[in-house]
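The values are calculated or read from the model by the stated rules, or taken from the named source; none is laboratory data. What you see is a predicted model; the values in this text were computed from it and never measured. Every residue, glycine as well, gets a Cβ built from its backbone with ideal geometry; the counts of neighbours run over all protein chains shown.
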Amino acid sequence: MKQKLLLAFALCVFLSGLQAQELIYKTFKDTRIINTHSIETPGARKLDFRVTHRFGDMLGSNGGWSNFFGLENASDISIGLEYGISDRLMLGLSRAKGSSVSDRKQLVNGLIKYRILRQMTEEAPLSLTFAGGSSLSTMPKVEGSEGINAFPKFSHRFAFFGQLLLARKFSEKLTFQLSATVVHRNLVRDEESNDTYAVGLAGRIQANKVVALIFDSQLPLNGYASPFNNNSHFPSFGIGAEFDTGGHVFQINLTNSNGIMETDYLPNTTANWAKGQFRLGFTISRLFNL
């Protein structure tokens, strides 16, 4: 009898330990927030088909009625696939137009993402993810040009980024995320820096079962891209609404970022919210089980 009681007690302790270390799921509903990656990956053997669109300026000198508040222009467009190798590891490939203010256009982008640490109820209060990628400009080379599009070497067509994402789901309704990013471009203008460092803040507030409010911001810290050093550049900031219909996630947002890829928008955010230089954007994400 005593042995049975001891066995039952040990089993209860073991099960309570498992419960105390329960994983926290769905910190975010998507692998992106607006411009910034989230700590999420699609999951093992899941294929994520993504379409992201940024229109033109809604207001300001380049917006308004003349271009139907930016809807007749496309600042950037991206179409891509991302596949979950495991619950932690994801690989992705996409094609982007390239932002209207960038020297690099017609981008082919590779992505890798790995969940280093996952939030648990007791043992791990935070989630930590690494994201990294490369962008290859496939735009035609312009012989004799003094600009970036001269591409003296093939390697000059490349740009890279690495990003650490740290997030915590505080409750079923509230999530915050911090990020640190470095972007390296192999070829830049004389006044620019090859490396751009940025820090970011993002969040998500669940309004009801279907709709959530989201925001993110990225602040470049150095060089020509930093608002501290150049009054023609600004922090990237976006706000939006996210709709989870079960089969797919649809997001609609407003942002002053012209580009979509980290290698594009972080060094090149020249649009000012105060002057109406923000644009409507949307993202559609559809998951397939393979």
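Considering only the stretch 236-250, I want to know if a residue exists there that is part of a loop (DSSP other than H, G, I, E, B) and without any contact (Cβ under 8 Å) to a residue 24 or more places away in the chain.
Scanning the stretch 236-250, I find at least one residue that is part of a loop (DSSP other than H, G, I, E, B) and without any contact (Cβ under 8 Å) to a residue 24 or more places away in the chain, so the answer is yes.
The number of residues in the stretch 122-138 that are in contact with a Ser or Thr (Cβ under 7 Å, 6 or more places away or on another chain) and either without any contact (Cβ under 8 Å) to a residue 12 or more places away in the chain or closer than 15 Å to residue 180 by Cβ (or both) comes to 1. Selection of the stretch 177-194 for residues being farther than 19 Å from residue 109 by Cβ and at pLDDT 95 or above yields 177, 178, 180. Looking across the stretch 107-136 at every residue that is touching a strand residue (DSSP E or B) at 6+ places or on another chain (Cβ under 6 Å) and among the polar types (S, T, N, Q), the one that is nearest to residue 161 (Cα to Cα) is identified as 134.
For the stretch 231-290, a tally of residues being among the small types (Gly, Ala, Ser), crowded, with 18+ Cβ neighbours inside 10 Å and under 20 Å from residue 204 (Cβ atoms) returns 6.
Restricting attention to the stretch 74-123 and to residues that are farther than 23 Å from residue 23 by Cα and polar (S, T, N, Q), the residue that is surrounded by the fewest Cβ atoms within 10 Å (Cβ to Cβ) turns out to be 106. Cβ-Cβ distances below 6 Å connect the following pairs, each with a first residue in the stretch 142-164 that is closer than 20 Å to residue 195 by Cβ, a second residue that is part of a helix (DSSP H, G or I), and a separation of six or more residues or different chains: 151/157; 159/263; 161/262; 161/263.
For the stretch 63-73, the tally of residues that are closer than 23 Å to residue 105 by Cβ and buried (at least 18 other Cβ atoms within 10 Å of the Cβ) stands at 2. For residue 258, the requirement of being over 25 Å from residue 84 (Cβ atoms), touching a residue at least 60 places away in the same chain (Cβ under 8 Å) and assigned to a loop (DSSP other than H, G, I, E, B) is met. Taken together, 155, 193, 226 contain a single residue that is surrounded by fewer than 12 Cβ atoms within 10 Å (Cβ to Cβ), closer than 21 Å to residue 267 by Cα and among the hydroxyl-bearing types (Ser, Thr, Tyr), which is 155. Any residue in the stretch 198-209 that is on the phi > 0 side of the Ramachandran plot and either surrounded by 22 or more Cβ atoms within 10 Å (Cβ to Cβ) or modelled with pLDDT under 90 (or both)? No, the stretch 198-209 has no match at all.
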